[in-house]
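First the structure, in the form of structure tokens, and then the observations on it.
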Amino acid sequence: MRTKPSKCHCLCLGRRNTRYTSYDPGLSIGVQCVSTVTENAPFKFLGRKIDNIGRTPSLEGIVDSFLNDLNKVDSQQISNVKKAWIYDNYLTSRLNWPFLVYDFSKTLLSKLDAGVIKMLKLWLGLALMADSSALFRDRNSFGMNLKRPSELYKHLRVSKRHILGKSHDDVVTSLPKDNDAPELESRLQFHQQFMIGAQNNRVGLGSSKKVQDTDILKSFIRQDENDKYKIHAMSLEMQNDWLDMGDFCIPLALKWRTLIHDWSPALLKFYLNAFQMTLPDQSNLVRWGKGTEKTCYICGKAVGTAKHLLVGCRVLLDSGQYSRRHDRVLEIIREAVSLSVARAQREITTNERSIGFVREGTRAIKSNVKPYSILKAASDWTIMMDTYEKQYKIPEDICASASRPDIFLYSRILKRVVMIELTVPWETNIPKDHAIKVNKYYELTNELTRNRFVVDLYAVEVGARGITAKSLYNLLKDLGLSRTNINSFLERTSKAALVGSFQIWLGRERNLDSGGERITRVS
């Protein structure tokens, strides 16, 4: 057994006259001295600090110490994104034990939240007046899914109840519970009786991992916090686009690896403020009292909001800024189509078979199951793409039409045509723009059908702020791509659209050339 001198304490009493007093005997283990226990002094027992009459000391010191740690991290000469990573992965773990053994008041938790929000907004470049829920919402709600101290405190209170509930001591199990404990336990009981039973009572059809009660209770707390964020967003005049976007958009996968190594701090700052409608555009500058003119200084017609600048300015449209952003995204979609075409052509000469799992003592069963793809095996698949610099014309033997979808893919052998039309709109306008694009090629689709071609039309959208629509995911899936390739293409198209919008934003103050019709291209 190894003894740790730092964990040892001694108390020695000596009689002097008629009283016993403590003294330091000078005990040591090896070369380290053993500390003495001072009479009537606070002490630490099982990680909990207790004063001489059994009361816990003021928790202000714990809160101030954590806020000082935030300031120390802020003073380090590292990137701001890494500072946020340190908070989320290291500093929050230092709160676990105090939250587990002490009872924090709402005032102290609010003080912790305020200090954390202030620093995170500073590190990530989010405007001070932006809704802080963007930092703590889960990714399905278009948030960054960072840890909020007050929510972490609720999670650890659940863990504490679970630990104490397994005790065999009636005194421990009868300790008073939190005010929200009865409601959470009632929801847990309902979940165990009706939800888990419905999932597990299917013998022979698979297995499921047992979920701990604490994890279920924590999911309830997380769900309640997200509901509070939604209720708060409904009361806001702005910064609530994310409430409706979940029906037709896919949230960005904001992983730390991507934010630290792939995105620049300026790009992250632009994304967060563009998503929260807190970019310093002319409309916001007037709202904040830092400007007097709301009209767009590029076109001089509409209100100069970020939405107008990124998708609605006529001068930027005529100058080709939007088209170049559109073509960057289209090039990546073209790569996905080319990958699927190459596989379809390879299937003509090779016979690929998937190998399933083989149990010990059994034989492999050959299977011809292949992932579904709209591109069947053929050697004459031809891809044509319409860009700002170069246009194409549909062959007359296929269809005599002047319409040009962004990507026109055809095979004369299979008598099959795939048309892809890309739009880079404002995210809230995706459903409307999707319907417009589908109706735009209604006549072309009918004419190709009359010419005995099987037609697949895909109207896909990638938002100007980098949020991809579900229509793009459906296209990549129908192309027969693997899940890894789908995620890669979604990430690349998202970044291409976001970088294009960021370049438009950086070039907003560039002067017009002598003709007044073309904006200098942002390199």
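Computed extension length for Thr295-Val31: 87.4 nm, one decimal, from 0.36 nm per residue of separation with the Cα-Cα distance subtracted. For segment 383-434, the calculated P(r), taken from all Cα-Cα distances in 5 Å bins from zero up to the bin holding the longest distance, is 5, 17, 24, 20, 15, 11, 6, 2, 0 percent.
If Lys and Arg each add +1 and Asp and Glu each add -1, what is the summed charge of the other residues whose beta carbon sits under 12 Å from the beta carbon of Leu414?
Values: positive: Lys376, Arg412, Lys415, Arg416, Arg452; negative: Asp380, Asp456.
Counting the neighbours of Leu414, the net charge comes to +3.
Remark on Thr468: its backbone amide H falls under 5 Å from those of Ile250, Gly463, a criterion applied only to residues 5 or more positions apart or on other chains, H modelled at 1.01 Å from N.
Charged neighbours of Asp262, selected by a Cβ distance under 12 Å, balance to +3 (K, R count +1; D, E count -1). Annotation: the residues Leu479, Leu146, sorted from fewest to most other C-beta atoms within 10 Å of their own C-beta, follow the order Leu146, Leu479.
Around His434, what is the net charge, scoring Lys/Arg as +1 and Asp/Glu as -1 over all other residues with Cβ under 13 Å from its Cβ? Summing Lys/Arg as +1 and Asp/Glu as -1 gives -1. Phi angles across segment 407-414 convert, under the Karplus curve 6.51 cos²θ - 1.76 cosθ + 1.60 with θ = phi - 60°, into 3J(HN,Hα) values of 10, 10, 10, 9, 9, 6, 5, 8 Hz, Gly and Pro given as x.
So, in nm, how far is label Ser22 from label Asp244 when the simple model puts each one 7 Å beyond its Cα toward the Cβ? It is 6.8 nm. Computed from backbone phi, the HN-Hα couplings of segment 217-231 come to 5, 5, 5, 4, 5, 5, 5, 5, 5, 5, 5, 5, 4, 5, 4 Hz, rounded to whole numbers (Karplus: 6.51 cos²θ - 1.76 cosθ + 1.60, θ = phi - 60°; Gly and Pro given as x).
Going from the residue with the fewest nearby Cβ atoms within 10 Å to the one with the most, Trp505, Trp242 rank Trp505, Trp242.
Cut-off is 10 Å between beta-carbons; in what order do Lys294, Lys72 appear when sorted fewest neighbours first? It would help to have the intermediate numbers written out before the result.
Details: Lys294 16, Lys72 10.
Listing Lys294, Lys72 from fewest to most nearby Cβ atoms yields Lys72, Lys294.
Maximal additional length on extending the Ala253-Tyr392 stretch stands at 46.5 nm, based on 0.36 nm per residue less the C-alpha distance. A cut-off of 5 Å between modelled amide H atoms, ignoring neighbours fewer than 5 places along the same chain, links Leu27 with Val34.
Within the same chain, lysines fewer than 8 places from Lys82 are excluded, and of the rest, those with a Cα less than 21 Å from its Cα are Lys72, Lys118, Lys121, Lys147, Lys255, Lys269, Lys495.
If you stretched the chain out fully between Val358 and Tyr442, how much longer would it get, using 0.36 nm times the residue separation minus the C-alpha to C-alpha distance? Walk me through the numbers before you get to the answer.
Working: separation 84, 0.36 × 84 = 30.24 nm, distance 4.87 nm.
Gain on extension, Val358 to Tyr442, equals 25.4 nm.
Read-outs: derived from the displayed coordinates by stated rules, not from any lab. This one's a predicted model, so the numbers in the text were calculated from it and none came from an experiment. Quick reminder, even Gly has a Cβ in these numbers, built from the backbone with ideal geometry, and neighbours come from all protein chains shown.
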